[in-house]
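Chemist: Encoded as structure tokens, here's the structure I'll be asking about.
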Amino acid sequence: MIEFYLLIISAGFFLTLLTTLLIKKFSIFYNIVDDPSNERKIHKHPTPLLGGMAVFLSFFLILYFVQDKLIAGNLSANHWLGFFIGACFLMIGGFLDDKYNLKPIYQVIWPILASFCVIIGGVEIEKITNPLGGFIFLGLLSPVLIFIWLIGMMYTTKLLDGLDGLVSGMAAIGGFVIFLFTMTTKYYQPDIGLAALIFSVCCLGFLVFNWHPAKIFLGEGGSLFMGYVLAVLAIISGGKIAITLLIMGVPIIDVAWTISRRMLAGKNPFKFADKQHLHFRLVDLGISVRLTVLIYYLFSLIFGLCALFLQSKGKLMALGVLISIMLGVVVVFTLLDKNRRIT
């Protein structure tokens, strides 16, 4: 098995390197690039988009070659097919947006279609753990919760994608933690663990070109795809949403605060863009892009690994600690903004 996993790691990493190079050339040839023409952009030169396509191609190509190990698990071919078709919709929508800069009303169609594909494919959450003991059976609420969870995670990674390597690196950490979790004796799910490992390795292969200064960006489809895969893996690994919440806790809370702030200001939270996200604020304080990204990595890794050893109440407490930290950060930046306006 060790030799098999080493082969998978090598194949995923080097295949993503190759596909990223090919997608980069394709994007440049057809002028599908991100031009730093507004103040929200921090890169200096036009940078190729569509990078998420490289991760998508490598990930699903390797999944195809190990499909016998995937189908041997608890999931059926329909589950994986729904997952794949949903990802295809994200890639189609991402390509159209990167090429033609779609209006927000058209951008949201593709994540919705992707979510429906997962639900129609048969993925469900039968029950969730009650922190006070026992389980809560969802029944007809399962599709609703899955839809909200998928959309929320996709827009978290979409809005987080503002610094080189931030989303791709955090997705790699998320995939790796899910791999570790599904390989434990208590929650042993080697099929899900294998998919999570492949995803993590493909993200690392892309990160080679996406690390600051980035040679290629994820693009619209890629940024959505990162959250989509993590969200689906969290569900099919036994509804372990709490683990993914801790891994992605900082950006999730940041996105929730950003949406609330924009709505209170009377602005469309999805149409209006600014540089008030936490990662932008840290860079404005003089922290380098690379160090800011590493800080995010550290929080994801610490809270993600903690989740492996905590029971339901412990995970809830860890999430409370994370929320408290983020609320403290919000208060600090709010006070800094007030002081700047006074002076």
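The values are calculated or read from the model by the stated rules, or taken from the named source; none is laboratory data. Given the structure is predicted, the values throughout are model-derived calculations rather than measurements. Cβ atoms come from the backbone with ideal geometry, glycine included; neighbour counts cover every protein chain shown.
Chemist: Got a number for residues in the stretch 77-89 being buried (at least 16 other Cβ atoms within 10 Å of the Cβ), among the hydrophobic types (A, V, I, L, M, F, W, C) and farther than 10 Å from residue 117 by Cβ?
Modeler: Our first condition is that a residue be buried (at least 16 other Cβ atoms within 10 Å of the Cβ); within the stretch 77-89, this holds for 79-80, 82-89.
Checking the rest, the ones that are also among the hydrophobic types (A, V, I, L, M, F, W, C) come to 80, 83-85, 87-89.
After this cut, where a residue has to be farther than 10 Å from residue 117 by Cβ as well, the list is 80.
The total comes to 1.
Chemist: Among the residues of the stretch 292-309, is there at least one that is of a type in the set (S, T, N, Q) and without any contact (Cβ under 8 Å) to a residue 60 or more places away in the chain? I'd like the intermediate steps shown before the answer.
Modeler: Taking the stretch 292-309 first, the residues of a type in the set (S, T, N, Q) are 292, 300.
With without any contact (Cβ under 8 Å) to a residue 60 or more places away in the chain added as a condition, the list becomes none.
Checked against the condition, which is being of a type in the set (S, T, N, Q) and without any contact (Cβ under 8 Å) to a residue 60 or more places away in the chain, the stretch 292-309 yields no hits at all.
Chemist: What about residue 148, is it farther than 19 Å from residue 79 by Cβ and either surrounded by fewer than 22 Cβ atoms within 10 Å (Cβ to Cβ) or touching a strand residue (DSSP E or B) at 6+ places or on another chain (Cβ under 9 Å) (or both)?
Modeler: On the way: farther than 19 Å from residue 79 by Cβ: yes; either surrounded by fewer than 22 Cβ atoms within 10 Å (Cβ to Cβ) or touching a strand residue (DSSP E or B) at 6+ places or on another chain (Cβ under 9 Å) (or both): yes.
Judged against the criteria, residue 148 is a match.
Chemist: What's the number of the condition residue 201 fails, among (1) surrounded by 24 or more Cβ atoms within 10 Å (Cβ to Cβ); (2) within 27 Å of residue 316 (Cβ to Cβ); (3) at pLDDT 90 or above?
Modeler: The one condition residue 201 does not meet is (2).
Chemist: On to the next question. If you go through the stretch 123-162, how many residues are modelled with pLDDT under 90 and over 14 Å from the mean Cα position of the chain (by Cα)?
Modeler: 20
Chemist: Here's a follow-up. Just to be sure I understand the filter: pairs with C-beta atoms under 7 Å, separated by 6 or more residues or on different chains, first member in the stretch 60-81 and within 16 Å of residue 11 (Cα to Cα), second member assigned to a helix (DSSP H, G or I) and not aliphatic (A, V, I, L, M). Which pairs pass?
Modeler: 60/84; 62/12
Chemist: Going through the stretch 16-38 one residue at a time, which ones are assigned to a strand (DSSP E or B) and either in contact with a Lys or Arg (Cβ under 9 Å, 6 or more places away or on another chain) or at pLDDT 95 or above (or both)? Step through it out loud before you land on a result.
Modeler: First, pick out the residues of the stretch 16-38 that are assigned to a strand (DSSP E or B): 33-34.
Correct list: 34 only.
Chemist: What single numbered condition from (1) surrounded by 14 or more Cβ atoms within 10 Å (Cβ to Cβ); (2) in a helix (DSSP H, G or I); (3) more than 17 Å from the chain's Cα centre (by Cα) fails to hold for residue 331?
Modeler: It fails just one condition, (1).
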